[in-house]
Protein chains: 2
Amino acid sequence: MTYRPAHRLADIEPFHVVELLTRARQLEAEGRDIIHMEVGEPDFPTPEPIAEAAIAAIRDHKTLYTQALGLPELRAAISAFYGQRYGVTVPASRIAITNGASGALNLAFAALANPGDEWLLADPGYPCNRHILRTYEGLPRSIPVGPDSNFQPTPEQVSAEWNERTAGLLVASPANPTGTLLTLDEIAALANECRAKDGHFLVDEIYHGLTYAPSPKGTCSAAQEVPLGDEVDAPTACAAGDDIWVINSFSKYFQMTGWRLGWMVIPEPYVRDVEKLAQNLTLCPSTPAQYAALAAFAPATIEILEARRGEFRRRRDFLAPALEAIGFRVTARPEGAFYLYCDCSALAADSFVLARDLLEKTGVAATPGLDFGSNEPEKHIRFAYTTEIPRLAEAVSRLSAYFGR
Amino acid sequence: MTYRPAHRLADIEPFHVVELLTRARQLEAEGRDIIHMEVGEPDFPTPEPIAEAAIAAIRDHKTLYTQALGLPELRAAISAFYGQRYGVTVPASRIAITNGASGALNLAFAALANPGDEWLLADPGYPCNRHILRTYEGLPRSIPVGPDSNFQPTPEQVSAEWNERTAGLLVASPANPTGTLLTLDEIAALANECRAKDGHFLVDEIYHGLTYAPSPKGTCSAAQEVPLGDEVDAPTACAAGDDIWVINSFSKYFQMTGWRLGWMVIPEPYVRDVEKLAQNLTLCPSTPAQYAALAAFAPATIEILEARRGEFRRRRDFLAPALEAIGFRVTARPEGAFYLYCDCSALAADSFVLARDLLEKTGVAATPGLDFGSNEPEKHIRFAYTTEIPRLAEAVSRLSAYFGR
Ligand SMILES: Cc1ncc(COP(=O)(O)O)c(C=O)c1O
Ligand SMILES: Cc1ncc(COP(=O)(O)O)c(C=O)c1O
């Protein structure tokens, strides 16, 4: 039979960093010591209370299909979490449990995107967004974002880019690759802009919980000035209207990446639509993972997570000034996630070439801008601080040597 | 914002049986004893070696993202399984680990279906197929199947239904809701028909391993004549050409429904396409589930599974003649899965009404034909034998009383 993939495949790119990763593994196999700063997942194991809850469920034979939108008790637990942590009322009936934030994004676009519709996405941004959208035959339209708007789209940009084919806007706060946040006022302003256009508004909050005391001076070089432990939660878009789609996950803050569990807060009128889709597309999310996640909100778990959050904060506060001292410029104010998105244009002409050279010559793996869009990718490189401080320090000293600082 | 779901939602139906299930739960809450014969999953717990492998992996912190196509060692184990069980060579490089057969079907249609393409599907058939397809903007075209072709499409039907918009054919063996099989010759003939049309051919083998000694007389009333233990494996479509997409799952034979793990054998030219899609749409399948599944092929596990397969066989051999004695007609030769798809037209005018009445008056829950398509659904009802024989016997005696036999 003739090789004939669906047309959409022509627009779907692989992760470019995988090529680097493969090379990193080769080098490791040859005995080289590689410092992994390209990895988008916490290096901490899943907290023990969560792991033990999974084990208890497995022993208890709780491994059958659940309802398509997930265990009622987990939906209720997430609803309670919104109350406790954010002081926001989100009824359990609006919460769908999904296969990670990935599953939530799939269901949202399956529920909303018509063929040929345009959706506004920030560039740089999480690369899967545009490919998931394209899979459901929607068309991504990039909003280039930069330091002047803290790498987040503004209502003015949204208004300017909106046309008769535009169906909605997706933002992330904290964002990947930049770690920048939106304030509640900014979220509300974007929501109002979408309402004015009668479009949809989706907010990806997967890095919620991984936010750190903001740095008053605008770059995190000054972050040490804010005392440790005073972390501030980012505002949730749930507080800005119940017509907003809010995506979240157990992957990052809860450190459950491989479990594939997330959730979505759905505007009430669409709950039944998402349920129909979930029944047909996925049957249900992972049952052991759902039982595990029931332990995610327990005080003992939150204590572990908050301690780790402090550790991420310490890493950021160490790494950002150290990279700036070498000549990287942290132009995106990194208040969340575990990434520093650096302007490396003073150091190299092409970040992709640089990333490859750094890997070969220093054994430091980082993700070039190419994976995050087409807005000056060659000028940017992303370092993840998903590695402990002594290793980050080793990376910094190798990079200093490489650049002769 | 105006309620405006994607157009596709108008074509996506919920599971009708959920309504019945909700009513069944209500009745149970009122203290009624409900016999669940509507359930499409094994009543056996996940075999202990699989569960223990998951627990060991969780304790060992093997809970990070894996590669998008899954753990190399699991892909290799499945490849070895094809060799051992079927004597067929399937290279690990062609095997993708997925979120159940559901995830495989999603990836296959995402990789192959263009908007407006038609795909041929058997009716009655697994209802999610047409909805998954529709989600990727493909159009399902039903091939009505009945007793004369053992509820499987024939090459003649495929040829007759094929037009310039047709892109491919999806079949299942054993099929849901009928449990009927395709022989290797029949699979090869369907494959040849698809090749002649230069179309795609997908075979869903999720119920493989759950096949039972065939009944020579054509209905399973005679099945007792074949000695227990002489179960015959259905042929895999992998033996009929490496241009065929073969979908499978750990859900049914391996009794891992809630773990959400399956796999797909991909024609070589499309492996990279599926990988790109998986990277973007799902990131990876569940990591604990993948480590669990590594124990699925161990001799100790297979021994447990084969004993349970014998139990399913005994249930079928009990239930089919018992239902026929009441007046249900088992027109689909049930050689696999755990379903009896019965013609109930001699007993009632509308199977949907019947199913509701049976639930209310006898406490027996079964799935009306409505959930499986539009080919005489009102004449058919599906009984699952996912309940132990004493309960099946109780159901039979309640049904006999209801129909006055
Ligand atoms: C911004 C963003 N959204 C969504 C995801 C998907 O994560 P998951 O499916 O593990 O929840 C990621 C993963 O890196 C991400 O960075
Ligand atoms: C024929 C068929 N295919 C696919 C599936 C999907 O199962 P899973 O996603 O659990 O592997 C089912 C589930 O009942 C089925 O009956």
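The values are calculated or read from the model by the stated rules, or taken from the named source; none is laboratory data. Given the structure is predicted, the values throughout are model-derived calculations rather than measurements. Backbone-built Cβ (ideal geometry, glycine too); neighbour counts: all protein chains shown. Accessible surface is based on the protein model in full, side chains and every heavy atom, while ligands, DNA and RNA are left aside. Shrake-Rupley method; radii C 1.70, N 1.55, O 1.52, S 1.80 Å.
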Of all residues in region B:17-40, how many are of a type outside the set (Val, Ile, Thr), part of a loop (DSSP other than H, G, I, E, B) and open to solvent by less than 80 Å² (accessible area, probe 1.4 Å)? 5
Report every pair of residues separated by at least 6 positions or lying on different chains whose Cβ atoms are under 7 Å apart, first residue within region A:239-265 and away from every other protein chain (no Cβ under 14 Å), second of a type in the set (Val, Ile, Thr) and away from ligand 1 (no atom under 13 Å from the Cβ). A:239/A:88; A:246/A:236; A:246/A:265; A:263/A:78; A:263/A:95; A:265/A:90; A:265/A:95
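Tell me the residue from B:354, B:281 that is within 14 Å of chain A (Cβ to nearest Cβ), out of contact with any Phe, Trp or Tyr (no Cβ under 6 Å at 6 or more places or on another chain) and surrounded by 18 or more Cβ atoms within 10 Å (Cβ to Cβ), please. Lay out the reasoning, then the answer.
Numbers: B:354 fails: within 14 Å of chain A (Cβ to nearest Cβ).
Criteria check complete, one pass: B:281.
Based on what the data block shows, is residue B:99 facing another protein chain (nearest Cβ under 10 Å) and within 16 Å of ligand 1 (Cβ to nearest atom)? Full working, then the answer.
Working: facing another protein chain (nearest Cβ under 10 Å): yes; within 16 Å of ligand 1 (Cβ to nearest atom): yes.
Criteria met by residue B:99.
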Can you confirm whether residue A:53 is open to solvent by less than 50 Å² (accessible area, probe 1.4 Å), more than 30 Å from residue A:309 (Cβ to Cβ) and not hydroxyl-bearing (Ser, Thr, Tyr)? no
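Residues in region B:392-401: is at least one open to solvent by 10 Å² or more (accessible area, probe 1.4 Å) and modelled with pLDDT under 95? Walk me through it before giving the result.
Just the residues of region B:392-401 that are open to solvent by 10 Å² or more (accessible area, probe 1.4 Å), to begin with: B:393-394, B:396-398, B:400-401.
So of that shortlist, the ones also modelled with pLDDT under 95 come out as none.
No, every residue in region B:392-401 fails to be open to solvent by 10 Å² or more (accessible area, probe 1.4 Å) and modelled with pLDDT under 95.
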Looking at region A:141-156 only, could you name the residues that are part of a helix (DSSP H, G or I), open to solvent by 50 Å² or more (accessible area, probe 1.4 Å) and either farther than 20 Å from residue A:195 by Cα or of a type in the set (S, T, N, Q) (or both)? A:147, A:148
Of (1) away from chain B (no Cβ under 14 Å); (2) acidic (Asp, Glu); (3) surrounded by 18 or more Cβ atoms within 10 Å (Cβ to Cβ); (4) over 23 Å from the mean Cα position of the chain (by Cα), residue A:275 satisfies all except one. Which? (1)
In the list A:272, A:313, A:308, which residue meets the criterion of being more than 14 Å from residue A:48 (Cβ to Cβ), in contact (Cβ under 8 Å) with a residue 40 or more places away in the chain and away from ligand 1 (no atom under 16 Å from the Cβ)? A:313
Filter region A:232-246 down to residues that are surrounded by fewer than 23 Cβ atoms within 10 Å (Cβ to Cβ) and of a type in the set (Phe, Trp, Tyr), then give me how many there are. 0
I'd like to know if region B:327-348 contains one or more residues that are within 21 Å of residue B:17 (Cβ to Cβ), open to solvent by 50 Å² or more (accessible area, probe 1.4 Å) and free of Cβ contacts under 8 Å to residues at least 40 places away in the same chain. yes
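Identify the residue in region A:175-196 that is away from chain B (no Cβ under 14 Å) and within 16 Å of ligand 1 (Cβ to nearest atom) and, among all such residues, is farthest from residue A:147 (Cα to Cα). Talk me through it step by step, then tell me what you get.
Of the residues in region A:175-196, the ones away from chain B (no Cβ under 14 Å) are A:175, A:177-189.
Add one more test, that the residue is within 16 Å of ligand 1 (Cβ to nearest atom), and what stays is A:175, A:177-182, A:187.
Numbers: A:175: 13, A:177: 13, A:178: 10, A:179: 12, A:180: 10, A:181: 12, A:182: 13, A:187: 18 Å.
Here the residue is A:187.
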Please state which one of A:68, A:76, A:104, A:111 is more than 23 Å from residue A:185 (Cα to Cα), aliphatic (A, V, I, L, M), outside any helix (DSSP H, G or I) and modelled with pLDDT of 95 or more. A:68
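So, in region B:159-192, of the ones that are without any contact (Cβ under 8 Å) to a residue 12 or more places away in the chain and acidic (Asp, Glu), which residue ends up farthest from residue B:333 (Cα to Cα)? So that I can check it myself, show each step before the final result.
Restricting attention to region B:159-192, the residues satisfying the condition of being without any contact (Cβ under 8 Å) to a residue 12 or more places away in the chain are B:160, B:164, B:185.
Okay, now just the ones that are also acidic (Asp, Glu), so B:164, B:185.
On the way: B:164: 33, B:185: 18 Å.
So the residue we want is B:164.
Hey, does region B:89-98 have a residue that's in contact with an Asp or Glu (Cβ under 7 Å, 6 or more places away or on another chain) and in contact (Cβ under 8 Å) with a residue 12 or more places away in the chain?
The first filter runs over region B:89-98 and keeps only residues in contact with an Asp or Glu (Cβ under 7 Å, 6 or more places away or on another chain), leaving B:94.
Among the residues that remain, those that are also in contact (Cβ under 8 Å) with a residue 12 or more places away in the chain are: B:94.
So far as region B:89-98 goes, yes, one or more of its residues are in contact with an Asp or Glu (Cβ under 7 Å, 6 or more places away or on another chain) and in contact (Cβ under 8 Å) with a residue 12 or more places away in the chain.
Just one of B:138, B:125, B:103 is more than 16 Å from ligand 2 (Cβ to nearest atom), closer than 28 Å to residue B:377 by Cβ, open to solvent by less than 50 Å² (accessible area, probe 1.4 Å) and not assigned by TED's automatic domain parsing to the domain that holds residue B:12; which is it? Can you show your working first?
Numbers: B:125 fails: more than 16 Å from ligand 2 (Cβ to nearest atom); B:103 fails: more than 16 Å from ligand 2 (Cβ to nearest atom).
Residue meeting the stated conditions: B:138.
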Selected residue (only one of B:16, B:7, B:61 is over 12 Å from residue B:365 (Cα atoms) and at pLDDT below 95): B:16
